[in-house]
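Encoded as structure tokens, the structure appears first; notes follow it.
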Amino acid sequence: MQKVILYPHGGSGNHGCEALVRSTAKICKGRDIILVSKNKGQDLQYGIGDICRIVDQQTPISILGRLASLIRYRLFNDSMAYEKETYRSMLKQVDSSTVCLSFGGDNYCYGKPVYIYRMNELLRSKGAKTILWGCSIEPSNIDDAMLEDLRGYHRIIARESITYKALTDHGLTNVTMAADPAFTLDCDTSTTLPEGFIKGNTVGINLSPMAMDYSKDGIRVMNNYRRLINHILEDTDMNVALIPHVVWSDNDDRKPLLQLYNEFNHTKRICMIDDTDATKIKGVISQCRFIVAARTHASIAAYSTGIPTLVLGYSVKARGIAKDIFGEYEKYVLPVQNLENDADLMHAFQFIEDNESEIKSILQTTVAKLKESAMSMSDML
């Protein structure tokens with residue numbers, strides 16, 4: 001049985017990362033899947049242990065191990081001595097027949113992922129095939145060091161056309177394109193919906209602390225969400241569901257969403273969705289009428305279930321995915337950096353409202369093709 005390693009993984013408290021694990025395991029069905037995780041406990045909490053084996057991304061190094069690393073570095077000029085020790089649990093799983101999928105989607109979007117370069121160097125030194133799996137890459141981040149690392153991949157699978165063009169424009173010849181694996185994520189509608197959730201007439205709203213960090217003004221982001229919620233509650237008969245998609249302690253969607261919930265709870269037309277696994281969150285999203293999402297995989301859960309969606313984007317991934325669905329992204333993605341006044345998000349949402357039927361028709365036409373595209377990645381290993 002072919003062994004497939006998924007790396008690096010920060011933990012399934014980011015349900016986008018969880019969605020990628022689940023969907024990749026589905027695409028790679030019949031293979032021995034090993035997840036290299038930074039937070040094994042989180043993965044077990046959300047049931048990932050039921051679909052693949054999990055090993056620790058980094059293993060604590062004993063005093064003896066540190067001494068051995070220092071000796072290899074000083075006496076044998078082994079610049080990777082420390083990394084070989086700390087990543088030893090992962091490296092034990094690898095041989096020349098192993099396929100290693102560098103996944104996560106956006107690891108090359110924020111700064112320079114030097115730790116991934118180092119992991120790749122170790123895996124390639126053992127003869128393993130590395131594949132960059134379903135990626136987006138911020139074009140402005142591409143430099144010589146990144147290009148050197150990217151050339152080392154057996155294959156790069158871009159998940160959207162903006163990234164594909166940026167990579168091929170830099171002369172890379174190992175690039176192909178397929179839809180994000182999470183378009184194939186299962187949808188579980190068994191979760192009991194909270195009071196105030198009206199099936200088919202609720203706007204699901206997601207807000208990410210990252211969106212606030214990337215904006216010019218975090219207060220303006222919150223004010224835009226307040227104005228949007230006011231519009232929904234005062235000008236329509238729809239209710240609002242606040243949907244967290246990442247619950248990491250240092251990057252927790254529930255913090256800004258809870259603030260909004262407390263401000264509007266008196267209306268009795270707003271509810272907060274409890275944390276659960278990615279398939280059940282997708283199930284909740286699938287029962288909304290519209291979605292406004294800052295998290296990419298919350299938007300993919302919506303797109304893939306035919307729900308008209310507005311994305312508050314902060315990187316190339318949102319623009320590229322929307323462009324490939326609709327032929328343009330300007331009306332479907334509002335870059336958080338472009339927020340100039342408190343009504344921008346509301347005005348962008350009104351376009352989605354006004355064109356609901358047309359958007360649903362486009363999604364009905366394109367989503368099946370995107371799912372088929374994602375499943376085709378099985379043949380690219």
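Assorted remarks:
- Against the list (1) out of contact with any strand residue (DSSP E or B) (no Cβ under 7 Å at 6 or more places or on another chain); (2) touching a residue at least 40 places away in the same chain (Cβ under 8 Å), the condition Tyr82 fails is (2).
- Yes/no for Ala298 being hydrophobic (A, V, I, L, M, F, W, C), in contact with a His (Cβ under 6 Å, 6 or more places away or on another chain) and within 28 Å of Lys38 (Cα to Cα): yes
- Boolean, Tyr108 is surrounded by 21 or more Cβ atoms within 10 Å (Cβ to Cβ), of a type outside the set (S, T, N, Q), more than 24 Å from Ile300 (Cα to Cα) and in contact with a helix residue (DSSP H, G or I) (Cβ under 7 Å, 6 or more places away or on another chain): no
- Answer residue from the stretch 57-93, given it is outside any helix (DSSP H, G or I) and more than 28 Å from the chain's Cα centre (by Cα) and is surrounded by the fewest Cβ atoms within 10 Å (Cβ to Cβ) among those: Asn77
- Scanning the stretch 313-368 for residues that are touching a residue at least 12 places away in the same chain (Cβ under 8 Å), charged (D, E, K, R) and part of a helix (DSSP H, G or I) yields a total of 8.
One line per residue, one yes/no per condition, for (1) at pLDDT 95 or above; (2) in contact with a Ser or Thr (Cβ under 7 Å, 6 or more places away or on another chain); (3) within 22 Å of Ala81 (Cα to Cα):
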position: Cys109; (1), (2), (3): no, yes, no
position: Leu123; (1), (2), (3): yes, yes, yes
position: Ile137; (1), (2), (3): yes, yes, no
position: Asp144; (1), (2), (3): yes, no, no
position: Arg155; (1), (2), (3): yes, yes, no
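- Boolean, Ile54 is buried (at least 19 other Cβ atoms within 10 Å of the Cβ) and not in a loop (DSSP other than H, G, I, E, B): yes
- Scanning the stretch 228-248 for residues that are touching a residue at least 60 places away in the same chain (Cβ under 8 Å) and either closer than 13 Å to Leu312 by Cβ or within 18 Å of the chain's Cα centre (by Cα) (or both) gives Leu228, His245, Val246, Val247, Trp248.
- Of all residues in the stretch 93-106, exactly one satisfies the criterion of being out of contact with any Lys or Arg (no Cβ under 8 Å at 6 or more places or on another chain) and modelled with pLDDT under 95, namely Gly104.
The values are calculated or read from the model by the stated rules, or taken from the named source; none is laboratory data. These numbers come from a predicted model, not from an experiment. For neighbour counting, all protein chains shown are included, and Cβ atoms are generated from backbone atoms with ideal geometry for every residue, glycine included.
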